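Below is one structure, written out as structure tokens; comments come after it.
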Amino acid sequence: MRDGLGRQIDYLRVSVTDRCNFRCQYCMPARGKIWFPREEILSFEEIHTLVRDVFIPLGLTRIRLTGGEPLLRQGLATLVTLLRGEPALEDLALSTNGVLLEAQAGGLAAAGIDRVNISLDTLEGERFRRITRGGNLEIVLRGVRAALEAGMHPVKINCVVVPGLNLEDVIELARLTIELPVHVRFIEFMPVGDRELFEARGTVTISDVAGRLRERFELVPVAAPPAGNGPADHLAIRDAMGTLGFIHPMSRHFCDACNRLRLTANGHIKACLLTSGELDLKTPLRQGASADELRQLVQSAVAIKPDWHHMGDRVQALTMSQVGG
């Protein structure tokens, strides 16, 4: 399926819950958000129906399960099994904060998760607790090791770089790729989640992050970047087991190559993470709309996908936990 600008749309991010067990400073307020009522959340059967009858026939054959924190959704492996039963599905990935991953990695891998992205913004325990407002670093690191042991590949570490918060941590995070076969990705801080924090701290460009890393390591091109559907530029520390990724939504947006849609936990389609506007699929689904009617709704949302996110013009903060990251 192509949008109005000719971009091929083949990647769907599915939020299975808006709830999270962290309150990361750059993502949401300390008090959290008003969660969607339970009855508004799509069931596993509804998600499967939409994937099978609507999205796969439209050519979206690569899926990532997100949240909030998706591992809070009880029985997530059941949904993974349902989706893996679709022969046309090419790729099934997971994004998580890693807190519950140690216990669930084996079951999720057995059910059919191919690979995982784990949010990890520092390797200093007290700073991790402050950033996440209460998280335990050691538990997340055990989750990283459990994903590797379960055979998920690649295992990616996502770090949002916030000036004055964790910029000093990029060296040690990069060093992880020497010690483990993981792929650490540095992401520019965006005005998403806590606009006040963004206004106070601003962002650091990925070129600046790469410059800091070059002062410590010899960085070389990557012949075969790790599998994925995202926009990262890739380098590696010479002779490291893993790679480094650089994602630059602020300094150099990649909207011209955007290939994704998002299905929110309450059944809405978002054609762009960073612009307002979404289309309700849940209501017509529950009212008995045909698969063809639902596909037409998705196509109408894709037809008005914007040329780029215009993020610098926004004054309203969005919340990652509500739109699926």
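For the residues Leu12, Leu100, Leu72, the requirement of being closer than 25 Å to Ser119 by Cα and surrounded by 22 or more Cβ atoms within 10 Å (Cβ to Cβ) singles out Leu12.
Conditions (1) small (Gly, Ala, Ser); (2) within 26 Å of Arg31 (Cβ to Cβ), marked per residue:
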| position | (1), (2) |
| --- | --- |
| Gly98 | yes, yes |
| Leu108 | no, no |
| Ile131 | no, yes |
| Ala146 | yes, no |
| Ala150 | yes, no |
| Ala174 | yes, no |
| Val182 | no, no |
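As a summary of the residue check, Glu138 satisfies the conditions (1) out of contact with any helix residue (DSSP H, G or I) (no Cβ under 6 Å at 6 or more places or on another chain); (2) in contact (Cβ under 8 Å) with a residue 24 or more places away in the chain; (3) of a type in the set (Asp, Glu) except for the one numbered (2).
Could you count how many residues in segment 110-139 are among the acidic types (Asp, Glu), in a helix (DSSP H, G or I) and farther than 24 Å from His153 by Cα? Residues in segment 110-139 being among the acidic types (Asp, Glu), in a helix (DSSP H, G or I) and farther than 24 Å from His153 by Cα: 1 in total. Screening Pro306, Pro284 for residues that are in a loop (DSSP other than H, G, I, E, B) and free of Cβ contacts under 8 Å to residues at least 60 places away in the same chain leaves exactly one candidate, Pro306. Of the residues making up segment 119-147, those that are in contact with a Leu (Cβ under 7 Å, 6 or more places away or on another chain) and either surrounded by fewer than 18 Cβ atoms within 10 Å (Cβ to Cβ) or β-branched (Val, Ile, Thr) (or both) number 3.
Each residue in segment 149-187 was checked for being part of a strand (DSSP E or B) and without any contact (Cβ under 8 Å) to a residue 24 or more places away in the chain, and 0 of them qualify. Only one of these is buried (at least 21 other Cβ atoms within 10 Å of the Cβ) and either among the β-branched types (Val, Ile, Thr) or within 26 Å of Ala289 (Cβ to Cβ) (or both): Leu82, Leu58, Leu42. Name it. Every option except Leu42 fails the conditions.
Here segment 103-112 is the region considered, the condition is being out of contact with any helix residue (DSSP H, G or I) (no Cβ under 6 Å at 6 or more places or on another chain) and among the hydrophobic types (A, V, I, L, M, F, W, C), and the residue that is surrounded by the most Cβ atoms within 10 Å (Cβ to Cβ) is Ala109. Could you list, in sequence order, all residues of segment 8-27 that are among the hydrophobic types (A, V, I, L, M, F, W, C) and either out of contact with any Phe, Trp or Tyr (no Cβ under 7 Å at 6 or more places or on another chain) or more than 29 Å from Gly59 (Cα to Cα) (or both)? Within segment 8-27, Ile9, Val14, Val16, Cys20, Phe22, Cys24, Cys27 qualify.
Could you list, in sequence order, all residues of segment 248-274 that are over 23 Å from Thr17 (Cβ atoms), under 18 Å from the mean Cα position of the chain (by Cα) and either at pLDDT 90 or above or not aromatic (Phe, Trp, Tyr) (or both)?
His248, Pro249, Met250, His253, Cys255, Ala257, Cys258, Asn259
Looking across segment 138-181, the residues that are of a type in the set (A, V, I, L, M) and within 16 Å of Ile247 (Cβ to Cβ) come down to Ile157, Val160, Val161, Val162, Leu167, Val170, Leu173, Ala174. Checking each residue in segment 219-243 for being part of a strand (DSSP E or B) and within 19 Å of Ala93 (Cα to Cα) picks out only Thr243.
The values are calculated or read from the model by the stated rules, or taken from the named source; none is laboratory data. The structure displayed is predicted, hence computed values, not measured ones. Please note: Cβ atoms are built from the backbone with ideal geometry, for glycine as well, and neighbour counts cover all protein chains shown.
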